[in-house]
1. Expressed as cubic angstrom per residue, what is the convex hull volume of the alpha carbon set of the chain?
2. Once you put a point 7 Å from the Cα of residue 11 and another 7 Å from the Cα of residue 110, both along the Cβ direction, what distance in nm separates them?
3. Could you check the simple spin-label distance between residue 18 and residue 92, using points 7 Å along Cα→Cβ, in nm with one decimal?
4. Taking only Cα atoms and a 10 Å spring cutoff, compute GNM fluctuations for the chain and point out the largest among 88, 99, 63.
5. Before anything else, pin down the relative contact order of the chain: Cα pairs under 8 Å, at least 6 apart, normalised by residue count, whole percent.
């Protein structure tokens, strides 16, 4: 018999805001469990993303105000201060591979945006 442990992290969904609170092709910030979460509405693609609001480059709470777009079909956000760019899917630094931001799952239901966080 093989003794293998399997741990499944539980996701808890938190109400963040109404869809109208996040500008089209832009971002907004929500405070969830004491953490600033940047929420992005890529309306032309019909996609929503959530990341840490803090840019790891200079530890500024600013990503929700960053420029959104795509690079080689990869949705991204650029920090408004120093233009460090991050994948909205994975959080990986695009123009600086040493940087990384956390990403969170997003659900939109009945005009409300919910962010999933691990229990």
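1. Working: hull volume 17.4 nm³, N = 119.
Taking only Cα atoms, the chain has a hull volume of 146 Å³ per residue.
2. 2.0
3. Placing both labels 7 Å along Cα→Cβ, they lie 3.8 nm apart.
4. 99
5. Numbers: 252 pairs, mean separation 31.4, N = 119.
In percent, rounded to a whole number, it is 26.
Just so you know, all these numbers are worked out from the coordinates, no wet-lab data involved. Note that the structure is predicted; figures quoted are calculated from it, not measured. Don't worry about glycine lacking a Cβ; one is built from the backbone with ideal geometry, like all the others, and counts go over all protein chains shown.
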